[in-house]
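Colleague: This is the structure, below, for whatever I ask next.
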Amino acid sequence: MGYKETLLSPVQIGGLVSRNRFFAQPMECVDSDAEGNPTEKTLQRYENLYKGKFGFVDLEAITVTNESRARKTQLEIMPRNEKALTKFIRALKEIDPSIPIVFQLTHSGEISKTEFSRRVTVKPLPGLGGELLSDEDVDTIIDNFAEAAKIAQAAGADGIDLKFCHGYLGSQILRPYNDRKWKYGGSWENRSRFAYDLMERIQRATNAGKNFILGSKLSLWEGFPGGCGSAGPDSPLMDLREPLDLVKGLEERGACYFIESLGNVHASRNFVEAVQNEPYLSYLHFYFANLLKQHVRPETVVIGSSFSPFQGMKNKLLAVEPEKSSLFAIGAMCIEDGMMDMIGLGRQSLADPFTPLKLKEGREEEIRYCTQCMNCEELMRRQRPVGCVLYNKPYTESFREMRRLLKG
Ligand SMILES: Cc1cc2nc3c(=O)[nH]c(=O)nc-3n(C[C@H](O)[C@H](O)[C@H](O)COP(=O)(O)O)c2cc1C
């Protein structure tokens, strides 16, 4: 089978269907209004992903609380946002009602920015710190997540992605470093309580099942001593028993898809996003996606990450057969070889949201490939609306202006 046939073939996710194997990764773009509602800019980004025919879309990290957040203009999901989110989803479904969209619910915990919000922590991590969370605080956060899931469902979303990756609160609680003796720390039973309670509460609150799906994006390995997937609170050794147990526990509680990821934005960012001079880190992601695939039920969908560095034929990856190392060729191979079911596109979805459509229509030569310049990431870090700086003019200008201001 050619790569086009593989990538354009449908796949079942719970009771829903993705028309092809392209998954639009959650990409925080810092362009909400002051109340955390989507703006015209937000809508335009997602309209493009819908028109560009991604098979399955993940709405970027949307915070369940306004109190602690990583971005000043981050999407928020609280009762006050329901109306705006409903309007937003309706507009997308008018473009194509068959494309499922899930909301990536999150709480930023220790990565919350103190300039405009409250940084909280399960156990202070060097370089971050924060106010210590109590049992009751986390109980309330679980209530917030359950309420947010209900709002997502009422707004017309097709499911939830629980963010247990990249060092946000979901990862902070799970990691061995959280060895404080409290309801949500210490033993694995205590550290996994948050994730399991969350899944159960959301399952009950939404009656999730075939048509409202649950899943999670996970950093199976955070890449620093004591991080998720390490052997102990200060151990640099990798030990994946806990993350794989987590996957099983989440599956038992209703998860029907997982998005593989690695790393932590504070301690090991290049594992999250493979950069220009380290594109080979993408291969590490494939290893973990494959591991995940081997541990889940046959019907559970595994989505791989870190495909942007493969670009077209011109990439910086050493491959035995370079002609087989393009994004499409390698993506299809990962699916055909059973390592994963779908390929996630993050930075590439900003560079060209029409990537799947162009492949379908035989317009591959028109695809604009991400070069991993990382300017989108810098816009995000500096709290400015995010878009592709290379190909999308307003963002090129915004980036230039930002640099001018920084030079002062
Ligand atoms: C600007 C930017 C925003 C991101 N926002 C999120 C997010 O909201 N949630 C998430 O899980 N990952 C987020 N990521 C990580 C991507 O979803 C993806 O996992 C990573 O970029 C690797 O995929 P890629 O090589 O296709 O870019 C973000 C990355 C960037 C550069």
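The values are calculated or read from the model by the stated rules, or taken from the named source; none is laboratory data. Predicted model only: the values in this text are computed from it and were never measured. Don't worry about glycine lacking a Cβ; one is built from the backbone with ideal geometry, like all the others, and counts go over all protein chains shown. Accessible surface areas use protein heavy atoms only, side chains included; no ligands, DNA or RNA. Shrake-Rupley method; radii C 1.70, N 1.55, O 1.52, S 1.80 Å.
Colleague: Need pairs with beta-carbon distance below 9 Å; first residue farther than 16 Å from Gln172 by Cβ and in the same structural domain as Leu162 (by TED's automatic domain parsing) and within region 128-151, second assigned to a strand (DSSP E or B) and among the aromatic types (Phe, Trp, Tyr); sequence gap 6+ or separate chains.
Modeller: Ala148/Phe103; Ala149/Phe103; Ile151/Phe103
Colleague: So which residues in region 350-359 are open to solvent by less than 10 Å² (accessible area, probe 1.4 Å) and either touching a Gly at 6+ places or on another chain (Cβ under 9 Å) or more than 12 Å from the ligand (Cβ to nearest atom) (or both)?
Modeller: Scanning region 350-359 gives Asp352, Thr355, Pro356, Leu359.
Colleague: Exactly one condition in (1) at positive phi; (2) in contact with a Gly (Cβ under 8 Å, 6 or more places away or on another chain) is false for Gly156; which is it?
Modeller: With respect to (1) at positive phi; (2) in contact with a Gly (Cβ under 8 Å, 6 or more places away or on another chain), Gly156 is out only on (2).
Colleague: Evaluate the following for Ser282: is it free of Cβ contacts under 8 Å to residues at least 40 places away in the same chain and within 14 Å of the ligand (Cβ to nearest atom)? Even if it seems obvious, please write down each step before you answer.
Modeller: Values: free of Cβ contacts under 8 Å to residues at least 40 places away in the same chain: yes; within 14 Å of the ligand (Cβ to nearest atom): yes.
For Ser282, the condition - free of Cβ contacts under 8 Å to residues at least 40 places away in the same chain and within 14 Å of the ligand (Cβ to nearest atom) - is met.
Colleague: Restricting to region 256-282, name every residue that is open to solvent by less than 20 Å² (accessible area, probe 1.4 Å), more than 24 Å from Val102 (Cβ to Cβ) and among the polar types (S, T, N, Q).
Modeller: Ser268
Colleague: Taking the criterion of being assigned by TED's automatic domain parsing to the domain that holds Ser326, out of contact with any Phe, Trp or Tyr (no Cβ under 8 Å at 6 or more places or on another chain), open to solvent by less than 20 Å² (accessible area, probe 1.4 Å) and outside any loop (DSSP other than H, G, I, E, B), would at least one residue in region 237-255 satisfy it?
Modeller: Filtering region 237-255 down to residues assigned by TED's automatic domain parsing to the domain that holds Ser326 leaves 237-255.
From what's left, out of contact with any Phe, Trp or Tyr (no Cβ under 8 Å at 6 or more places or on another chain): 237, 239, 241, 244, 248, 251-252, 254-255.
With the extra rule that they be open to solvent by less than 20 Å² (accessible area, probe 1.4 Å), the set shrinks to 251, 255.
Next, only the ones that are outside any loop (DSSP other than H, G, I, E, B) stay: 251, 255.
Yes.
Colleague: Let me confirm something: among Arg180, Arg204, which residue is closer than 18 Å to Gly109 by Cβ, among the charged types (D, E, K, R) and open to solvent by 10 Å² or more (accessible area, probe 1.4 Å)? So that I can check it myself, show each step before the final result.
Modeller: Values: Arg204 fails: closer than 18 Å to Gly109 by Cβ.
When all the criteria are applied, what remains is Arg180.
Colleague: Just checking, which of Asn81, Asn66, Asn48, Asn37 is open to solvent by 40 Å² or more (accessible area, probe 1.4 Å) and farther than 23 Å from Asp352 by Cα? Before you say what the answer is, go through the steps one by one.
Modeller: Values: Asn81 fails: open to solvent by 40 Å² or more (accessible area, probe 1.4 Å); Asn48 fails: farther than 23 Å from Asp352 by Cα; Asn37 fails: open to solvent by 40 Å² or more (accessible area, probe 1.4 Å).
After applying the criteria, what remains is Asn66.
Colleague: Strands (runs of 3 or more DSSP E) wholly in region 8-115 with at least 1 residues that are within 15 Å of the ligand (Cβ to nearest atom) - which ones? Steps first, answer last, please.
Modeller: On the way: elements: 11-13, 16-18, 22-24, 56-63, 101-106.
Where strands (runs of 3 or more DSSP E) fall fully within region 8-115 and carry at least 1 residues being within 15 Å of the ligand (Cβ to nearest atom), they are 22-24, 56-63, 101-106.
Colleague: Answer with yes or no whether Arg404 is open to solvent by 80 Å² or more (accessible area, probe 1.4 Å), more than 16 Å from the ligand (Cβ to nearest atom) and either over 25 Å from Val272 (Cβ atoms) or small (Gly, Ala, Ser) (or both).
Modeller: Numbers: open to solvent by 80 Å² or more (accessible area, probe 1.4 Å): yes; more than 16 Å from the ligand (Cβ to nearest atom): yes; either over 25 Å from Val272 (Cβ atoms) or small (Gly, Ala, Ser) (or both): yes.
Criteria met by Arg404.
Colleague: Something else about it: Just give me the residues in region 360-395 being farther than 14 Å from Arg347 by Cα and open to solvent by 60 Å² or more (accessible area, probe 1.4 Å), in sequence order.
Modeller: Lys360, Glu361, Arg363, Glu365, Glu366, Arg381, Arg382, Lys393, Pro394 - these are the residues of region 360-395 that are farther than 14 Å from Arg347 by Cα and open to solvent by 60 Å² or more (accessible area, probe 1.4 Å).
Colleague: Of everything in region 288-311, what is over 15 Å from the mean Cα position of the chain (by Cα) and open to solvent by 10 Å² or more (accessible area, probe 1.4 Å)? Give them in sequence order.
Modeller: Asn290, Leu291, Lys293, Gln294, His295, Val296, Arg297, Pro298, Glu299, Gln311
Colleague: Which condition number in (1) part of a loop (DSSP other than H, G, I, E, B); (2) within 16 Å of the ligand (Cβ to nearest atom) is the one that Ile160 fails?
Modeller: For Ile160, the exception is condition (1).
Colleague: Test of understanding: among Thr63, Thr73, Thr86, which residue is more than 24 Å from Ile202 (Cα to Cα) and polar (S, T, N, Q)? Spell out how you get there, then give the answer.
Modeller: Values: Thr63 fails: more than 24 Å from Ile202 (Cα to Cα); Thr86 fails: more than 24 Å from Ile202 (Cα to Cα).
Being more than 24 Å from Ile202 (Cα to Cα) and polar (S, T, N, Q) holds for just one of Thr63, Thr73, Thr86, which is Thr73.
Colleague: Let me ask you something else. Would you be able to say whether some residue in region 304-326 is modelled with pLDDT of 90 or more, assigned to a strand (DSSP E or B), out of contact with any Pro (no Cβ under 7 Å at 6 or more places or on another chain) and within 16 Å of the ligand (Cβ to nearest atom)?
Modeller: Checked against the condition, which is being modelled with pLDDT of 90 or more, assigned to a strand (DSSP E or B), out of contact with any Pro (no Cβ under 7 Å at 6 or more places or on another chain) and within 16 Å of the ligand (Cβ to nearest atom), region 304-326 yields at least one hit.
Colleague: State all residues of region 36-69 that are touching a Lys or Arg at 6+ places or on another chain (Cβ under 6 Å) and farther than 24 Å from Phe212 by Cβ; if no residue qualifies, say none.
Modeller: Residues satisfying the conditions are Glu67, Ser68.
Colleague: Which condition breaks for Ala149 when tested against (1) touching a helix residue (DSSP H, G or I) at 6+ places or on another chain (Cβ under 9 Å); (2) surrounded by fewer than 19 Cβ atoms within 10 Å (Cβ to Cβ); (3) in a helix (DSSP H, G or I)?
Modeller: For Ala149, the failing item is (2).
Colleague: Here's another thing I want to ask about it. Residue under question is Ser216, and the condition is that it be of a type outside the set (Lys, Arg) and either at positive phi or not in a loop (DSSP other than H, G, I, E, B) (or both); does it hold?
Modeller: Numbers: of a type outside the set (Lys, Arg): yes; either at positive phi or not in a loop (DSSP other than H, G, I, E, B) (or both): yes.
Answer is yes for this residue.
Colleague: So for region 225-236 (the condition being among the aliphatic types (A, V, I, L, M) and within 16 Å of the ligand (Cβ to nearest atom)), does at least one residue qualify?
Modeller: Initially, region 225-236 is screened for residues among the aliphatic types (A, V, I, L, M), giving 231.
With the extra rule that they be within 16 Å of the ligand (Cβ to nearest atom), the set shrinks to none.
There is no residue in region 225-236 that is among the aliphatic types (A, V, I, L, M) and within 16 Å of the ligand (Cβ to nearest atom).
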